[in-house]
4 protein chains.
Amino acid sequence: MGAISMSEIEELSKRLKQFAVERDWEQFHAPKNLAMALIVEAAELVEHFQWLTEQQSYELPEEKHQQVALELADIFIYSLRLAERLNINLLETVNQKIAINEKKYPADKVKGSSKKYTEYT
Amino acid sequence: MGAISMSEIEELSKRLKQFAVERDWEQFHAPKNLAMALIVEAAELVEHFQWLTEQQSYELPEEKHQQVALELADIFIYSLRLAERLNINLLETVNQKIAINEKKYPADKVKGSSKKYTEYT
Amino acid sequence: MGAISMSEIEELSKRLKQFAVERDWEQFHAPKNLAMALIVEAAELVEHFQWLTEQQSYELPEEKHQQVALELADIFIYSLRLAERLNINLLETVNQKIAINEKKYPADKVKGSSKKYTEYT
Amino acid sequence: MGAISMSEIEELSKRLKQFAVERDWEQFHAPKNLAMALIVEAAELVEHFQWLTEQQSYELPEEKHQQVALELADIFIYSLRLAERLNINLLETVNQKIAINEKKYPADKVKGSSKKYTEYT
């Protein structure tokens with residue numbers, strides 16, 4: 001990734017809020033609606049892969065690779081808007097979640113297995 | 001947000017990669033599969049809001065607020081994994097996308113309207 | 001609904017299979033891929049509603065109403081393809097699921113509440 | 001599929017409406033909300049396949065095969081509810097959509113190709 005500091009991420013979140021305010025769009029940005037918008041972008045991402053094999057999904061032609069990148073950007077944008085609307089500290093929560101995952105999926109127990117934690121007795 | 005530097009985001013991406021490697025899970029992490037995992041998390045987010053009104057979606061009880069935060073974390077985690085697998089610079093692409101959106105949706109033209117850009121003649 | 005008999009639904013499923021065979025598309029129709037295609041259509045449905053209020057979602061302009069109908073058709077088409085590929089009796093399973101739901105959500109217990117069954121102690 | 005007549009499908013749609021009315025749930029069944037509930041079920045379907053290969057997705061163990069069937073049932077149930085709320089004739093629209101697809105994807109032109117119609121010049 002390029003060299004940026006965290007203040008640019010705060011800046012990004014502020015820039016996205018300003019973008020919405022300038023357009024009088026915050027009225028549409030209830031968390032319920034933002035969650036819908038987010039999953040719509042996630043599906044645009046899925047669409048690029050639906051007929052590809054797993055191997056082909058690693059080797060995307062340049063144009064498709066760029067489109068996939070832009071869908072990921074859209075998902076990230078809506079995630080930041082949703083976090084802003086609900087006053088969620090995204091990075092803090094990600095660290096919490098990794099810790100939770102480390103407990104649910106101890107390496108020695110799950111190595112090489114794709115089973116969900118609920119599928120272990 | 002808490003005070004962190006960008007190297008911690010790189011650190012996060014590395015930590016997530018290591019988490020997968022330790023568990024011999026990278027074999028499952030074809031971009032196609034990660035896109036599927038990402039949309040599954042996006043739907044877990046949507047599920048929290050499906051029967052709520054827009055107003056209720058702003059005023060989540062504490063437990064639900066925390067669950068919503070954790071779903072956002074999951075979405076962000078899979079986004080970072082997908083970006084790593086496809087060598088995508090997520091922050092760079094987000095900035096590109098905001099610039100694209102500023103052109104598609106000039107403030108003076110779209111103020112207060114939720115129409116998609118394709119719905120303007 | 002128009003007056004049709006069940007043999008026309010079998011006919012529909014056969015017609016959809018033939019459509020895929022004529023185009024040598026069955027090679028792409030692994031259940032994994034069909035599930036992805038289905039959720040992509042479900043998201044195109046969601047997109048029509050994301051900025052609307054619940055009230056507005058009842059009162060769709062004619063053009064949008066027709067688009068929503070076509071997305072529902074796409075979802076049903078992929079459901080039928082998936083059922084065909086996995087030899088699933090869709091109608092039988094729907095009846096099973098309604099019976100399951102009647103047990104999970106007894107009317108006297110859940111009347112007027114949108115809580116998920118797991119949220120009752 | 002079992003031997004049933006179309007009046008049983010109308011019966012199904014009526015049974016689903018009655019199920020909601022008995023529980024005073026129609027208040028939550030705005031089309032916007034039903035679209036959200038539908039995509040949540042579509043994601044539960046996707047989740048069963050996310051770490052499987054395409055080949056494995058054809059060869060599901062019995063328990064998973066049954067779960068997949070139940071998710072398809074849930075999707076169909078929400079599709080019927082949404083069609084009922086918006087007065088949509090689902091089967092009529094499916095036939096319209098197949099006709100549209102036959103024009104978009106003439107067999108001689110698209111045979112063996114998974115390209116979207118917009119990807120043909």
Which listed residue is more than 19 Å from D:Glu44 (Cβ to Cβ) and out of contact with any Pro (no Cβ under 6 Å at 6 or more places or on another chain), from C:Glu44, C:Glu119, C:Glu59: C:Glu59
All but one of (1) within 8 Å of another protein chain (Cβ to nearest Cβ); (2) in a helix (DSSP H, G or I) hold for D:Gly112; which doesn't? (2)
Being of a type in the set (A, V, I, L, M), in contact with a His (Cβ under 8 Å, 6 or more places away or on another chain) and under 20 Å from B:Ala73 (Cα atoms) narrows it down to one residue among A:Ala73, A:Ala35, A:Ala69; which is it? A:Ala35
Kindly indicate whether D:Ala69 is among the small types (Gly, Ala, Ser), more than 28 Å from C:Trp25 (Cα to Cα) and out of contact with any Phe, Trp or Tyr (no Cβ under 6 Å at 6 or more places or on another chain). no
On the basis of being in contact with a Lys or Arg (Cβ under 9 Å, 6 or more places away or on another chain), among the hydrophobic types (A, V, I, L, M, F, W, C) and closer than 18 Å to B:Val40 by Cα, does D:Ala37 make the cut? yes
Evaluate the following for A:Ser79: is it under 16 Å from the mean Cα position of the chain (by Cα) and among the polar types (S, T, N, Q)? yes
Identify, please: which residue in the stretch A:101-121 is among the β-branched types (Val, Ile, Thr) and loosely packed, with under 13 Cβ neighbours inside 10 Å and is, among those, modelled with the highest pLDDT? A:Thr118
Is it the case that A:Ile98 is assigned to a loop (DSSP other than H, G, I, E, B), under 16 Å from the mean Cα position of the chain (by Cα) and among the β-branched types (Val, Ile, Thr)? no
Could you list, in sequence order, all residues of the stretch B:101-119 that are within 27 Å of A:Lys64 (Cβ to Cβ) and over 21 Å from the mean Cα position of the chain (by Cα)? B:Lys103, B:Lys104, B:Tyr105, B:Tyr117, B:Thr118, B:Glu119
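The values are calculated or read from the model by the stated rules, or taken from the named source; none is laboratory data. Because the structure is a prediction, the values reported are computed rather than measured. Quick reminder, even Gly has a Cβ in these numbers, built from the backbone with ideal geometry, and neighbours come from all protein chains shown.
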